[in-house]
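A quick write-up on the structure given underneath.
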Amino acid sequence: MEKKIYTADELNHVEKDELVSIILSLQENTARMMENQELIMEQIAVLRQQRFGRRSEKMDVIDGQMSLFFNEPEAAAGEPGTQAEEPEFEEVVIRRKKKKKGKREEDLKDIQVTVIQHEMSEDELKAAFPDGKYKRLPDEVYKRLEFHPATFEVKEHHVAVYAGTDNETIVKAGRPKDLLRGSIVTPSLEAAIINGKYVNSLPLYRMEQEFKRNDVNLNRQNMANWTIQCADRYLAILYDYLHKLMYGYHVLQADETPVEVTKDGRAAGAKSYMWIYRTGKSYLEAIVLYEYQKDRKADHPEEFLAGFQGVCVTDGYQAYHSLEEKAAGLTVAGCWAHYPRSIVIPGELPTSV
């Protein structure tokens with residue numbers, strides 16, 4: 001039924017009782033519209049939370065908020081006068097997933113195998129076969145995986161030295177170059193230290209304790225010095241190579257995150273930043289580079305991306321987006337994961353969501 005719309009002249013000439021009825025009707029309609037608006041706002045907040053919020057967060061059920069888009073038994077379970085229909089039982093057949101044939105062999109194929117033979121003695125065979133008539137069948141074979149803690153080996157090099165009878169000419173046999181001159185550290189040892197600290201997140205003092213439990217005395221100061229020197233002497237070359245190689249990709253991604261570094265000459269709690277650059281996820285082989293800086297200045301991405309021709313996907317931090325004005329051929333694109341932050345819903349959202 002179409003609602004009548006009154007003009008100002010008509011309202012001036014209506015009877016008092018009819019005018020009161022019109023006002024009451026307007027109040028009722030306004031209250032209903034406000035209630036519907038609040039309900040919709042709550043539902044939007046729930047949908048936004050489910051779409052963009054943390055998956056592990058739990059939500060409190062708001063009365064009526066699920067009625068439009070969801071059918072939630074939990075929301076109706078506590079309402080007075082309601083009774084849920086008893087579910088019908090159906091037989092569930094559990095089908096166990098068959099193990100993939102040959103998977104164990106595939107998992108263990110790159111590990112050294114030691115064969116342990118289990119034999120029966122002559123007396124045992126005579127007891128089992130008194131008549132002495134038997135034949136040997138193929139062995140029953142099974143595998144078990146053993147773990148051996150890290151082992152250490154000291155390689156003592158003996159370099160032959162020769163001198164002429166006149167003692168004026170001295171020569172030595174060839175020898176492999178040291179990773180660090182005059183140091184006991186070897187590539188395998190330094191690789192274990194780097195892997196422990198940067199892959200497994202073990203502090204150097206814990207590695208020091210672990211080495212000591214294996215009767216190896218390596219103090220954390222030496223391990224720190226070895227790592228710094230190897231990074232400067234060897235890994236910096238690889239880093240620069242990957243940096244140049246990264247420029248051959250059309251799409252890069254960039255972000256920065258605050259970190260706290262102790263004993264760096266600044267006040268306690270001072271913020272530093274780790275800037276991360278990587279090739280786009282559509283590429284099969286990813287290049288990921290980290291750059292530590294003490295601040296969040298725009299100079300850092302400007303210097304790192306200098307000369308890059310392509311698209312750099314970032315968040316809304318202005319330091320990235322201002323690069324387009326300075327670098328020809330560089331396009332800065334926004335990140336879809338951060339896009340919802342730019343959506344502003346007017347009004348106050350419910351605090352229980």
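Please state which of the following conditions Arg278 fails to meet, knowing it meets all the rest: (1) in a loop (DSSP other than H, G, I, E, B); (2) in contact (Cβ under 8 Å) with a residue 24 or more places away in the chain; (3) closer than 25 Å to Ile237 by Cβ.
(1)
So, in region 314-353, of the ones that are loosely packed, with under 15 Cβ neighbours inside 10 Å and hydroxyl-bearing (Ser, Thr, Tyr), which residue ends up modelled with the lowest pLDDT?
Ser352
With without any contact (Cβ under 8 Å) to a residue 40 or more places away in the chain and within 40 Å of the chain's Cα centre (by Cα) as the only criterion, which of Lys197, Lys133, Lys126 stands out?
The match here is Lys197.
Take residues that are of a type in the set (A, V, I, L, M, F, W, C) and modelled with pLDDT of 85 or more and tell me which of the helices (runs of 4 or more DSSP H) falling wholly in region 1-112 contain 2 or more.
16-52
When Leu235 is evaluated against the numbered criteria (1) outside any helix (DSSP H, G or I); (2) surrounded by 10 or more Cβ atoms within 10 Å (Cβ to Cβ); (3) under 27 Å from the mean Cα position of the chain (by Cα), which criterion, by number, is the only one it fails?
Here Leu235 meets the rest and fails (1).
Name the residue that is surrounded by the fewest Cβ atoms within 10 Å (Cβ to Cβ), counting only residues in region 270-313 that are of a type in the set (Ser, Thr, Tyr) and farther than 15 Å from Gln253 by Cβ.
Tyr292
With in a loop (DSSP other than H, G, I, E, B), more than 20 Å from Cys230 (Cβ to Cβ), of a type in the set (Asp, Glu) and at pLDDT 90 or above as the only criterion, which of Glu168, Glu153, Glu146 stands out?
Result: Glu153 is the single residue among Glu168, Glu153, Glu146 that is in a loop (DSSP other than H, G, I, E, B), more than 20 Å from Cys230 (Cβ to Cβ), of a type in the set (Asp, Glu) and at pLDDT 90 or above.
Can you go through Arg181, Arg206, Arg213 and tell me which one is surrounded by 10 or more Cβ atoms within 10 Å (Cβ to Cβ) and over 30 Å from Val313 (Cα atoms)?
Matching residue, one of Arg181, Arg206, Arg213: Arg206.
Return a yes/no flag: does region 217-234 have any residue that is within 24 Å of Ala319 (Cβ to Cβ) and at pLDDT 95 or above.
Within region 217-234 (the criterion being within 24 Å of Ala319 (Cβ to Cβ) and at pLDDT 95 or above), the answer is no, since none of the residues qualifies.
The values are calculated or read from the model by the stated rules, or taken from the named source; none is laboratory data. Not measured: the values here are computed from a predicted model. Note that each Cβ is placed from the backbone with ideal geometry, even for glycine, and that neighbours are counted across all protein chains shown.
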